[in-house]
Amino acid sequence: MEQLYLVGKNIAHSVSPAMYAALYNKLGLDWRYEAVDLASDKDARRFLDSNDWLSANATTPYKQFAADLASVKAASVQLSGGANMLFRANEQIVGLNTDGIGCVRAIQQEGFSFQDGRVVVCGTGPTSLAIVAAAAQAGAARVALIGRSRDRTKEVLEAFLTRYKKLAYATFDFEPVRPDERSFRSAYEEPSFVFGSYETSTQEIAGADILIDATPLGMNAGDPAPFAENLLKSQQLVFDVVYAQGDSQLLRAARAAGVPAFDGRTMVVAQAVENAIVLLNQCEVPHELSWDEMFDLMSAAAQ
């Protein structure tokens with residue numbers, strides 16, 4: 001039996017074990033997936049070092065730790081600075097970050113497109129940067145990274161773009177996953193990338209087609225929205241990566257303003273599908289399930 005884990009802190013709410021169990025049972029695999037609540041990076045390292053595992057997912061606050069643990073880092077990890085999936089291959093630990101593609105696919109599942117759109121991403125952590133990269137690859141014309149401090153956000157975005165430029169021209173170009181999306185290099189070259197703070201970027205926020213909150217706001221009762229709620233417009237889409245604690249203040253404000261708004265539950269499912277596909281391909285497990293069939297199966301299990 002192969003063992004797989006989710007490591008995180010305060011993760012009793014996680015739907016991951018149910019989702020992965022449903023998929024692996026469907027495929028007839030003797031794989032066991034468990035969520036493990038750990039108090040610190042030290043505990044996470046001790047746990048992963050002392051257990052034999054095929055794959056381990058990492059959630060808050062261990063994504064940066066997981067990136068450091070990986071001996072081989074995918075471009076998604078190098079760009080974002082965090083990993084949400086580790087797997088063993090040829091005596092190496094490979095790290096991936098599927099937060100960005102999971103967010104994009106979740107929004108697409110709701111019937112919205114990134115093509116030629118203006119996207120605002122709130123937050124400056126690994127999840128935010130993964131979403132910035134994925135939004136650009138999905139066809140966004142302009143991607144704004146917005147944080148509490150303008151100077152800090154500028155520093156984070158400039159470092160991200162420096163890493164992206166190096167990776168984009170270091171080797172052959174990676175073709176787009178879907179025909180209507182951009183290649184890895186084109187996603188660096190074609191969109192406009194801008195930065196700002198919540199106070200200095202009111203026009204950017206009000207003019208966005210897609211607003212994505214990738215901050216921890218909403219994890220605790222009473223958390224405010226990251227920006228002034230009167231900036232919301234009915235033609236926008238609001239997506240909040242938080243999903244476990246009920247609607248965030250941002251989602252409540254968006255719905256009150258007639259703005260389509262979604263929490264992060266579909267993102268959790270979409271990134272789980274991406275993770276599963278990577279691992280199944282790595283282990284050469286034959287199957288005939290399409291992406292949509294996996295999504296429907298795992299989504300039903302997450303209810």
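The values are calculated or read from the model by the stated rules, or taken from the named source; none is laboratory data. This is a predicted model, so every value here is computed, not measured. Note that each Cβ is placed from the backbone with ideal geometry, even for glycine, and that neighbours are counted across all protein chains shown.
Let's see how each residue does on (1) free of Cβ contacts under 8 Å to residues at least 40 places away in the same chain; (2) in contact with a helix residue (DSSP H, G or I) (Cβ under 9 Å, 6 or more places away or on another chain); (3) surrounded by 20 or more Cβ atoms within 10 Å (Cβ to Cβ):
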| position | (1), (2), (3) |
| --- | --- |
| D41 | yes, yes, no |
| S50 | yes, no, no |
| T59 | no, yes, yes |
| A67 | no, yes, yes |
| V72 | yes, no, no |
Fill in the blank from the handout: Residues of the stretch 262-271 being in contact with a strand residue (DSSP E or B) (Cβ under 9 Å, 6 or more places away or on another chain) and either closer than 16 Å to T215 by Cα or free of Cβ contacts under 8 Å to residues at least 24 places away in the same chain (or both), in sequence order, are F262, D263, G264, M267
Practice task
Any chance you could count how many residues in the stretch 84-104 are surrounded by fewer than 24 Cβ atoms within 10 Å (Cβ to Cβ) and among the charged types (D, E, K, R)?
Solution key: 2
Handout entry: Boolean, A106 is in contact (Cβ under 8 Å) with a residue 40 or more places away in the chain and within 24 Å of A58 (Cα to Cα)
Key = yes
Exercise for the section: Would you point out which residue out of L211, L217 is modelled with pLDDT under 95 and closer than 25 Å to R148 by Cα? Expected result: L217
Exercise for the section: Please state which of the following conditions Q64 fails to meet, knowing it meets all the rest: (1) more than 20 Å from S299 (Cα to Cα); (2) at pLDDT 95 or above; (3) part of a helix (DSSP H, G or I). Expected result: (2)
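If we keep just the residues of the stretch 272-298 that are outside any helix (DSSP H, G or I) and free of Cβ contacts under 8 Å to residues at least 60 places away in the same chain, which is surrounded by the most Cβ atoms within 10 Å (Cβ to Cβ)?
Result: S290.
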Practice task
Select from the stretch 102-126 the residues that are in contact with a strand residue (DSSP E or B) (Cβ under 9 Å, 6 or more places away or on another chain) and closer than 13 Å to V241 by Cα and list them in ascending order.
Solution key: C103, A106, I107, V121, C122, G123
Exercise for the section: Select from the stretch 248-267 the residues that are under 23 Å from M19 (Cα atoms) and surrounded by fewer than 24 Cβ atoms within 10 Å (Cβ to Cβ) and write down the one among them that is farthest from the chain's Cα centre (by Cα). Expected result: F262
Practice task
Please verify whether the stretch 183-201 includes one or more residues that are assigned by TED's automatic domain parsing to the domain that holds T124 and at pLDDT below 95.
Solution key: no
Practice task
Look through E190, E204 and report the one residue that is over 15 Å from S76 (Cβ atoms), touching a residue at least 60 places away in the same chain (Cβ under 8 Å) and out of contact with any Cys (no Cβ under 7 Å at 6 or more places or on another chain).
Solution key: E204
Practice task
Could you list all residues from the stretch 71-105 that are more than 20 Å from I131 (Cβ to Cβ) and in a loop (DSSP other than H, G, I, E, B)?
Solution key: S71, N90, E91
Exercise for the section: Please indicate, with yes or no, whether at least one residue in the stretch 134-151 is without any contact (Cβ under 8 Å) to a residue 40 or more places away in the chain, over 17 Å from the mean Cα position of the chain (by Cα), surrounded by fewer than 15 Cβ atoms within 10 Å (Cβ to Cβ) and farther than 24 Å from R105 by Cβ. Expected result: yes
Problem - Sole residue being in the same structural domain as Y24 (by TED's automatic domain parsing) and in contact with a Lys or Arg (Cβ under 7 Å, 6 or more places away or on another chain), chosen from A270, A276 - result: A270
Handout entry: Any pair with Cβ under 7 angstrom, 6 or more apart, that starts in the stretch 212-239 at a residue that is part of a strand (DSSP E or B) and ends at one that is among the aromatic types (F, W, Y)
Key = I212/F239; L237/F112; F239/F262
Handout entry: Flag if N230 is over 21 Å from S201 (Cα atoms) and either of a type in the set (D, E) or assigned by TED's automatic domain parsing to the domain that holds V177 (or both)
Key = no
